[in-house]
Amino acid sequence: MTNTIFRRPAPLMLAFGLVLAGCSAEPQAQGSGNDSLPPLAGAAIGGEFELVSEDGETVRWSDFDGQYRTVYFGYAYCPDICPTDNQRAMAGLRAFEQANPDAAAQIQPIFISIDPERDTPEVVGEFTDAFHPRLIGLTGSAEQIEDAASSFAVFYARGEDSDGGGYLMDHSNVTYLFGPNGKPIATLPTDEGAEAVAEELAKWVS
């Protein structure tokens, strides 16, 4: 069995589908000089959660109030798509840091595990450390992760056990950008590479 990959949805299609769920739209990204409407304005994505950090501390969504956030759901034992997406996203963040360090400092990158059985705080910490020193890894109980994934419109499912006892996780692989108020702004184009990610961050973060 191989990882089922759910590519980044077209922002306008995703926003349109989720706006129909009945959320109020934002006129523009909070704090951004961009006057255009964010692709995910009004989408029902994101919300309060309670998870566990790499250090074993309780972390809540509200702890990041006042910061832009990138959020990706995946798992440390992922053989391909999670490392690729996070490498591109964090390379894009580094490029943005070099071009605009003050704005980039307002962004908190977050990785949330969908594999509570194997992704202990220590394992998640080792995974995130490989991509960016500021990338925070979060995990938790099966119930905590299920609640968080549901709030962020993320699909995941445990695959069948292999002969060696391991397993893969099927999951959506979307990197979200949220504003300082915790509302969704856009998805980051990790499928297009680090330069495209940096350009998208520059568009909305100031």
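The values are calculated or read from the model by the stated rules, or taken from the named source; none is laboratory data. Remember, predicted model here, so these are calculated numbers, not experimental data. Neighbour counts are summed over all protein chains in view; Cβ atoms, including those assigned to glycine, are modelled from backbone coordinates with ideal geometry. We work out accessible area using only protein heavy atoms, side chains counted, and drop any ligands, DNA or RNA first. Shrake-Rupley method; radii C 1.70, N 1.55, O 1.52, S 1.80 Å.
How large is the accessible surface per residue of the stretch 143-199, computed with a 1.4 Å probe and reported in Å² as a whole number?
On the way: 2400 Å² over 57 residues.
For the stretch 143-199, the solvent-accessible area averages 42 Å² per residue.
Mind jotting down the three principal axis lengths of the stretch 45-166 based on Cα atoms? Whole angstrom, largest first.
Cα spread of the stretch 45-166 along its principal axes, largest to smallest: 48, 28, 26 Å.
Can you list residues whose amide H is under 5 Å from residue 153's amide H, if they're 5+ apart or on another chain and H is modeled 1.01 Å from N?
Hits under the 5 Å cutoff: 46.
Collect residues whose amide H, placed 1.01 Å from N in the peptide plane, falls under 5 Å from the amide H of residue 173; neighbours closer than 5 in sequence don't count.
Residues meeting the amide H criterion: 6.
At 7 Å along Cα-to-Cβ for each site, give me the label-to-label distance between residue 195 and residue 167 in nm.
Rounded to a tenth, the inter-label distance reads 4.2 nm.
³J(HN,Hα) across the stretch 51-67 via Karplus (A = 6.51, B = -1.76, C = 1.60, θ = phi - 60°), whole Hz, x for Gly/Pro?
Those phi angles translate into 10, 10, 7, 4, 8, x, 8, 6, 10, 10, 4, 5, 5, 9, 4, x, 10 Hz.
Residue by residue, what Karplus-based ³J(HN,Hα) values in Hz, rounded to whole numbers, does the stretch 88-96 have, using 6.51, -1.76 and 1.60 with θ = phi - 60° and x for Gly and Pro?
5, 5, 6, 5, x, 5, 4, 4, 5
Students often check this: by mean Cβ neighbours within 10 Å, which of 125-137, 93-105 ranks highest, and how do the rest follow?
Details: 125-137: 17.9, 93-105: 15.6.
Put in order of decreasing packing, that is 125-137, 93-105.
Relative to the present Cα-Cα distance, how much length would full extension add between residue 143 and residue 60 at 0.36 nm per residue of separation?
Length difference between fully extended and current span is 28.4 nm.
³J(HN,Hα) across the stretch 109-125 via Karplus (A = 6.51, B = -1.76, C = 1.60, θ = phi - 60°), whole Hz, x for Gly/Pro?
With the stated coefficients, the stretch 109-125 comes to x, 9, 10, 10, 6, 10, 10, x, 5, 10, 7, 6, x, 5, 5, 4, x Hz.
Sort 170-178, 147-155 by the packing proxy (mean of other Cβ within 10 Å over each peptide's residues), most packed first.
So the peptides 170-178, 147-155, ranked by packing, come out 170-178, 147-155.
Whose amide H sits under 5 Å from the amide H of residue 112, counting only residues 5 or more places off or on another chain, with H placed in the peptide plane?
For residue 112, the qualifying residues are 72, 73, 74, 138.
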